[in-house]
Amino acid sequence: MNLLDKYVFSPSSLSADQGLYQFLQSQRRGFNFWDNSEDPKLDAMVSNMYHNVLFPILSPSTLRRLNNSSMYGNEYSVSELLSDLNNSIFKEDINSSVNLYRKSLQQIYLEKLIFIYENKTQNFGIETKASAFDALHKIKKMLGGTKGGDSATKAHRNYLDPSN
C-alpha cells in the first residue's frame, strides 16, 4: 500500500511538464481521423490506469481472500485496506483544489465502493460489505468538512456527496 500511495495515488504522482503532453498527439498524416479527434485524451488514459490498478485490489476474490486469510494469521483486514485507500485517495488538503486526475481517481474509487456495497450477485461477504459501507461513511464525513478549492473542485465534491 505504501508503494501505491507514493507512486500512484499521491496528489503529485502524475505531475509532469505540460509541455510534454503535445508529443503524445498523433502525427498528422492527412485527414484520416474522421470520427476521432487527434488530441491524446489524457483523461481517458489516466482513468483506465486507475481502473486497472483498483480492479484487482477491490475484486471479490481478493477481498474474500483477505477475509479468509484472517482466520489463519493475516493481520491486514479489508477494513484496514479500505481505510488505507481512503486516506491515500482523499488525502489532499481540505482547503486546496483537486486536479483532474485526482477527481477521476476519487470518482472511480467511490463507484467501486458503491458497487461492492450494493452488489447482490457477486459474493463479497458480509464483512466486506460492512467495510465498504464504513469507508463510504468516512468519505462522506471527509467531504462534509471540506471548505476550500476552486469552483470545479467544489462541483466535484458536491457530485461525490450530493447532500452538501
Original post:
Tally time: how many residues in segment 85-128 are small (Gly, Ala, Ser) and over 22 Å from ASN67 (Cα atoms)?
Top reply: 3
**OP:** Considering only segment 65-162, give the helices (runs of 4 or more DSSP H) lying wholly within it that have at least 2 residues that are of a type in the set (A, V, I, L, M, F, W, C), open to solvent by less than 20 Å² (accessible area, probe 1.4 Å) and modelled with pLDDT of 90 or more.
**Re:** 78-89, 100-118, 126-144
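The values are calculated or read from the model by the stated rules, or taken from the named source; none is laboratory data. If you're wondering where the values come from, they're calculated on a predicted model, not measured in any experiment. Ligands, DNA and RNA are stripped out before the accessible areas are found, and what is left, the full protein with its side chains, is counted by its heavy atoms. Shrake-Rupley method; radii C 1.70, N 1.55, O 1.52, S 1.80 Å.
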